[in-house]
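*Asks:* Structure in structure tokens, see below.
The values are calculated or read from the model by the stated rules, or taken from the named source; none is laboratory data. Fair warning: this is a prediction, and the values are worked out from it, not measured in the lab. Cβ: placed from backbone, ideal geometry, glycine included. Neighbour counts: every protein chain shown. Just so you know, the surface numbers come from the protein's heavy atoms only, side chains and all, with ligands and any DNA or RNA stripped out. Shrake-Rupley method; radii C 1.70, N 1.55, O 1.52, S 1.80 Å.
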Amino acid sequence: MTTRLTCVIFLMFALLSMPAAAQNKAKKSKTAKADAAYDVGNYYRANELYKKMYAKAKKDELKAEVAYKLGESYSKTHNYEEALNWYEKSVNDGNKNPEATWRYATALYNNGRYEDAIAQYNAYKEMSPDDPNTSVMIATCTKANEWKQKPTRAVVENLGALNSKYYDFAPTLSNAPNGLFITSSRMEATGNNNDAWYGQKFFDLFSAAQDNNGKWSTPVAVASPVNSSESDGVSFYHEQTRTLFFTRCNKLKGKEGNCRIMTSVWDGSKWSEPAYLPFTSEDFTSGHPYLSADGKTLYFSSDMPGTIGSKDIFSVAWNAADSSWGTPKNLGYTINTEKDEMYPYISPSGKFYFSSNGRPGMGGLDIYSSVNEGSNWGEATNLQYPINSSADDFGILFTSEKDGYLSSNRSGGLGEDDIYTFKIPTPVFSVAGRVYDTDTKESIAGATVELFGSDGTALSVLTGSDGMYRYDLKPETKYKVSASYTGYLTKFLEVTTVGLEDSKDFVGDFDFPLKSTAKPIEMPDIFYDLDKATLRAESKKELDNLIKILDENPTITIKIVAHTDSRATDEYNQDLSNRRAKSVVDYLIKNGVAKDRLSSEGRGERELRISDDAIAKMGTEEEKEAAHQKNRRTEFSVLSTDYVPKKK
């Protein structure tokens with residue numbers, strides 16, 4: 001159900017090179033016939049022969065060898081479930097080769113059994129303690145398991161109308177309204193022969209369209225000359241020039257199979273005779289074309305000279321002046337690895353997407369994104385689960401910023417590779433809290449809570465008997481929220497959804513403790529130099545908070561009141577408190593508060609919170625000093641609430 005090719009359309013390697021010595025050795029082996037089929041890429045036939053041999057084998061040593069080769073053969077076609085089955089048999093039949101344990105661990109990883117995979121990688125580590133790749137794979141499995149346990153918002157569903165029991169993959173926009181081209185090996189494909197690699201018909205391009213009710217038509221093969229007796233698929237249609245770029249794979253006499261990019265032009269009724277792009281060659285494989293929206297750059301995958309790994313993504317510029325293609329350029333190490341990078345695509349938002357099996361991921365091929373950083377693409381980001389799975393995920397296509405299609409051979413599909421839809425739901429945000437009295441902690445019913453958004457939103461609600469409020473918020477928006485009630489200072493809070501990709505309820509930090517104006521409000525963190533009125537630096541935070549209160553309550557006027565303890569003469573304390581209250585007013589005026597909103601008063605030792613008699617009865621000097629500190633305080637009182645700010 002989940003088989004597929006190592007590079008999907010790079011499938012036409014009819015003869016895989018193998019050293020003569022190894023071939024001669026294979027002929028002497030008990031598995032010679034199956035090995036010969038495997039060596040030329042006839043994996044479908046090789047699997048049949050290996051299975052017959054396994055069933056007849058009497059000795060565990062031979063069973064372990066054959067099971068291992070079956071695991072290898074199924075891995076070549078990315079049938080991860082069968083590969084796991086046979087690698088596991090090989091290990092259980094006594095295969096002590098560390099490579100067998102590594103392959104078994106990797107098969108577990110490619111089936112999403114991450115904890116079991118870690119156990120087998122640890123077993124391999126005991127056999128080969130110096131292999132640095134083991135720690136990398138253990139970390140990769142750990143991260144993949146975390147992603148699976150905490151999926152993104154994406155919803156992925158099988159697009160059953162376009163899928164069959166065969167291979168169906170690589171959707172791309174077609175030349176028909178609401179249409180797609182897909183690549184498929186279904187029975188309606190051109191020709192009568194099956195590909196020996198995977199035992200199904202050679203791939204063809206098919207087209208299907210969606211009607212106004214959202215119903216898909218049955219996919220039909222694109223007419224000749226686009227489809228041929230060879231494998232044709234993985235395409236891109238450029239609407240402005242009516243040009244179809246697609247991949248054709250041929251068997252070449254005396255050579256390995258070869259894939260090249262071709263173009264064909266739609267004249268409104270038929271396709272032109274396909275032509276190879278000039279920078280492709282029979283000497284290497286090229287495929288998976290994607291042309292940028294401006295028509296100036298073609299991206300493709302290839303193993304051409306200059307490749308970093310097995311298959312890399314290249315770009316090539318179109319020279320409009322002389323209607324020619326330039327020299328292909330490797331996208332470099334931020335995109336390409338030592339393994340396979342394929343299926344390049346740029347979304348409407350300008351992000352670059354591709355698939356890779358050379359990076360830490362969920363397993364198999366994963367889809368990655370990259371952001372343009374001037375002349376280069378930035379580091380790749382894994383799209384995580386459920387866009388990616390432990391199997392192969394590739395060929396992504398966006399139809400909007402939040403919707404599109406992808407291909408996958410994940411478990412549960414209808415055929416080998418299937419086409420899936422994905423939708424990234426808009427995140428849901430809200431802010432909620434309680435309005436209450438700072439001192440009594442009692443809820444304030446009927447308080448006005450207003451919401452002001454950077455998008456122009458202006459809403460107002462009254463709190464209920466529980467003092468609660470709640471607002472739904474929009475994505476990518478900054479908000480200010482205020483709470484007000486008669487006899488209390490208005491308070492503002494800020495909340496933003498800008499840059500947030502996951503839904504979130506803003507609670508806890510969005511309660512409003514309101515201060516009553518019926519009595520003086522203490523500012524506990526205002527400090528002065530000893531026996532002076534000079535404000536100390538650590539008072540700035542408290543004073544700036546007072547400025548914020550005045551900004552949030554632009555119609556109030558206040559009086560600053562300073563108090564001292566009783567340890568100097570009345571006259572001295574009165575003068576000191578006057579000067580201290582005035583220093584606060586001076587700071588506020590200096591920092592932009594209107595002078596006519598402020599007044600000050602020093603009350604010396606006239607309003608002690610703790611009397612001298614009570615202090616005298618305290619047992620320690622520490623207690624006495626703390627009591628004197630409570631008497632030394634600065635407060636403010638609201639004098640009026642109808643101040644009219646002057647126009648600036």
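*Asks:* Sorted by packing (mean other beta-carbon atoms within 10 Å per residue), highest first, where do 462-474, 208-220 land?
*Replies:* Highest mean packing first, the order is 462-474, 208-220.
*Asks:* Within the chain, what percent of beta bridges assigned by DSSP are antiparallel, to the nearest 5?
*Replies:* Bridges in the chain that DSSP calls antiparallel: roughly 90 percent.
*Asks:* Can you give me the C-alpha center-to-center distance between region 410-477 and region 533-552, rounded to a whole angstrom?
*Replies:* 33 Å
*Asks:* Could you work out the local net charge near LEU162, counting Lys and Arg as +1, Asp and Glu as -1, over the other residues with Cβ closer than 10 Å to its Cβ?
*Replies:* Charge balance near LEU162 sits at -2.
*Asks:* Taking the inverse of the average 1/r across all pairs of different Cα atoms in region 235-325, what Kirkwood radius in Å do you get?
*Replies:* Over region 235-325, the inverse of the mean reciprocal pair distance is 13.9 Å.
*Asks:* Also, I was wondering about something else. Can you tell me which of 534-540, 515-521, 411-417 comes out highest on packing, and rank the rest after it, using the mean Cβ neighbours within 10 Å?
*Replies:* So the order, starting with the most tightly packed, is 411-417, 515-521, 534-540.
*Asks:* Using R₀ = 22 Å, calculate the FRET efficiency as 1/(1 + (r/R₀)^6) where r is the Cβ-Cβ separation of SER400 and ASN178; round to 0.05.
*Replies:* Efficiency computed from Cβ-Cβ geometry: 0.95.
*Asks:* Long-range amide H contacts for ILE346: which residues qualify at under 5 Å (H placed 1.01 Å from N, peptide plane, sequence gap of 5 or more or a different chain)?
*Replies:* TYR353
*Asks:* If you don't mind, another one. So what's the net charge close to ASP509: Lys and Arg +1, Asp and Glu -1, counting the other residues with Cβ under 15 Å from its Cβ?
*Replies:* Residues close to ASP509 contribute a combined charge of +2.
*Asks:* Here's another thing I want to ask about it. Quick check: residue separation of GLU522 and LEU462 times 0.36 nm, minus the Cα distance between them. What number comes out in nm?
*Replies:* Going from the current span to full extension adds 18.8 nm.
*Asks:* What is the sum of charges, Lys and Arg at +1 and Asp and Glu at -1, for the other residues whose Cβ falls under 10 Å from the Cβ of GLU65?
*Replies:* With Lys, Arg at +1 and Asp, Glu at -1, the neighbours total +1.
*Asks:* Jot down the per residue volume, in cubic angstrom and as a whole number, of the convex hull over the alpha-carbon atoms of the chain.
*Replies:* Convex hull volume per residue, Cα atoms: 266 Å³.
*Asks:* Out of ALA568, ALA391, THR263, whose Cα points farthest toward the positive end of the dipole of the chain (charges: +1 Lys, Arg; -1 Asp, Glu; placed on Cβ)?
*Replies:* THR263
*Asks:* Let me check something: with ligands and nucleic acids excluded, how do SER400, SER292 order by accessible area (1.4 Å probe), largest to smallest?
*Replies:* Largest accessible area first, the residues go SER400, SER292.
*Asks:* Next question, about the same structure. Just subtract the alpha-carbon distance of SER272 and LYS548 from 0.36 nm times their residue separation and send over the number in nm, one decimal.
*Replies:* Between SER272 and LYS548, full extension yields an extra 92.2 nm.
*Asks:* Dipole of region 318-477, Cα-centred, from +1 at each Lys and Arg C-beta and -1 at each Asp and Glu C-beta, to the nearest 20 debye?
*Replies:* The dipole of region 318-477 has a size of about 60 debye.
*Asks:* Accessible surface of CYS141 in the full protein assembly, 1.4 angstrom probe, to the nearest 10 Å²?
*Replies:* Ignoring ligands and nucleic acids, CYS141 comes out at about 0 Å².
*Asks:* Separate question: Under a cut-off of 28 Å between alpha-carbon atoms, report the lysines in cross-link reach of LYS351, not counting same-chain residues fewer than 8 places apart.
*Replies:* Within the straight-line cut-off, LYS351 pairs with LYS143, LYS148, LYS150, LYS296, LYS311, LYS329, LYS339, LYS402, LYS423, LYS474, LYS478, LYS504.
*Asks:* Follow-up question, since we're still on this one. Using the crude model of +1 on Lys and Arg Cβ and -1 on Asp and Glu Cβ, and no other charge, please compute the dipole size for the chain relative to its Cα centre, in debye to 20.
*Replies:* 1200 debye
*Asks:* Further question: Out of the DSSP beta bridges found with both residues in region 530-648, what percent are antiparallel (nearest 5)?
*Replies:* About 60 percent, rounded to the nearest 5.
*Asks:* Quantify, in whole percent, the carbon and sulfur part of the accessible surface of the chain (1.4 Å probe; protein heavy atoms only).
*Replies:* Carbon with sulfur: 50 percent of the solvent-accessible area.
*Asks:* Let me ask another. So which GluC sites (Glu not before Pro) in region 129-200 pass both tests, a DSSP loop state and at most 12 other Cβ atoms within 10 Å of the Cβ?
*Replies:* Passing sites in region 129-200 do not exist.
*Asks:* Just to check I understand the Karplus step: with θ = phi - 60° and J = 6.51 cos²θ - 1.76 cosθ + 1.60, what whole-Hz values come out for region 461-474, glycine and proline as x?
*Replies:* 9, 9, 6, x, 5, 8, x, 8, 9, 7, 9, 7, 10, 9
*Asks:* Moving on to the next point. Of all GluC sites (Glu not before Pro) in region 430-520, which ones are in loop regions per DSSP and have a Cβ with at most 16 other Cβ atoms within 10 Å?
*Replies:* Filter output for region 430-520: GLU442, GLU476, GLU501.
*Asks:* Another question, then. What is the spin-label model distance, in nm, from GLU501 to ASP131 if the labels are put 7 Å beyond Cα along the C-beta direction?
*Replies:* Those two pseudo-labels are separated by 3.2 nm.
*Asks:* Related question: Run the numbers on the chain and let me know its relative contact order in percent, using alpha-carbon pairs under 8 Å that are six or more apart.
*Replies:* 9 percent.
*Asks:* Please calculate how many Å² of accessible area the chain carries per residue, with a 1.4 Å probe and no DNA, RNA or ligand atoms counted.
*Replies:* Dividing the accessible area of the chain by its residue count gives 48 Å².
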